[in-house]
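Structure first, then comments.
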Amino acid sequence: GLAVVLVVARLRGVSLLARDGTWKPGLLAGVAFGIEFIFVYGGLMWTTASRAAVFRYTAPFFVAFGSHRFLGERQSRMQWGGLGLSFVGVAVAIGVPQPNVGLKVLLGDLSMIAAGSLWAATTLIIKASRLRDAPAEKGLSYQLAISIPILAVAALVSGETWPGVPPASSVVLLVYQAVWVIGATFLLWFGLIKTYSASKLSAFTFFTPLFGVAAGYFILNEPLTAAFGVAALLVAAGLYLV
C-alpha cells in the first residue's frame, strides 16, 4: 500500500520530504493508525464481518464529540439526531439481537469500537494539525510507514507465521487492498478531510456498514433480513438531517 501511495505521489509531483512541521502529528497519527489495525485484525478473529463493519463505524460519534471539543465545530440538535438515527439504521441492518453471541464475539465487538475510536483520532489529528495543509499523500504515507513496524511487532508477539505460498485468491485480495483501498479511497478520504467538516464528512461513512452487511450476504452467505431495507431508509434519513 505504501508503495502504491509513493508511486501516486511521484506521478502527481508531490514532495514527501519537504520540511513543513508535520512530522510530530504525522508520527502520532501513524501510531494511532497502526494500533487501530491491530484491533481490527484481532477483532475479526472473534466477531463476524457484518458485526465488525457496524461497530468499527462508531467512529463518526467519536469524531462528532472530538470535533466539538477540539475543533470548535458545533452540531445542532437536528444533526445529533441525524447521527443517532443513522446509527439506529445500522443496528437494524445488522439485526439485534443475534444468536450465538458469546464472550469472544463481544470482545471482538469491543475491539472494533476501539478501532473506530482510533480512526476518529487520526481524523481529528489531521484536522487539528499542520497535516491539514499537507498533501494527502504525505499524511497517508506517515501512517502507512509508521504502522509497518507496529504491525510487524504485533505479528511477532502474537506468534504469527507465514505458512507458505499464498493462494491466488489471497494475492488478488492483497492487490485490491493495496491499489484500490489504500491507493485510491484512503487518499480520497484524507483529501476530503482537509477540505470539509470532520464531523459532517464522517457521518457519510454510515453508508459503509450497509455495504458491509450486503457483502456479508453475497460473499459470506450471512443472513440478510427484510429489515435491511428499513435500515437503509433510516440511514438516508439520518444523513439528510446531518
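The values are calculated or read from the model by the stated rules, or taken from the named source; none is laboratory data. Model, not experiment: these values are computed from the prediction. A quick note on method: Cβ atoms are made from the backbone with ideal geometry, for glycine too, and the neighbour counts reach across all protein chains shown. What goes into the accessible areas is simple: the full protein's heavy atoms, side chains included, and nothing from ligands, DNA or RNA. Shrake-Rupley method; radii C 1.70, N 1.55, O 1.52, S 1.80 Å.
Observations on the model:
- Between Thr225, Val92, Leu71, the Cα set farthest toward the positive side of the dipole of the chain (charges on each charged residue's Cβ, about the Cα centre) is that of Leu71.
- Dimensions of region 1-120 from C-alpha coordinates, computed as largest minus smallest value along each principal axis and given longest first, are 53, 38, 24 Å.
- Expressed as a whole percent, the accessible area of region 89-234 that falls on carbon and sulfur atoms is 74 (1.4 Å probe).
- Three-way shape call for region 98-160 based on the alpha-carbon gyration tensor, with the a/c threshold at 1.5: oblate
- Charging the Cβ of each Asp and Glu at -1 and of each Lys and Arg at +1, and nothing else, the dipole of region 130-208 about its Cα centre rounds to 340 debye.
- With the simple spin-label model, which puts each label point 7 Å out from Cα in the Cβ direction, the Ala49 to Ala18 separation comes to 4.0 nm.
- Distance between region 195-230 and region 1-33 - C-alpha centres, whole angstrom: 29
- Residues Ala237 and Leu173, FRET efficiency given R0 of 51 Å [Cβ-Cβ distance, rounded to 0.05]: 0.90
- When exposed loop sites are taken as trypsin sites (Lys or Arg not before Pro) in a DSSP loop with at most 11 other Cβ atoms within 10 Å, the longest stretch of the chain clear of them is 75-242.
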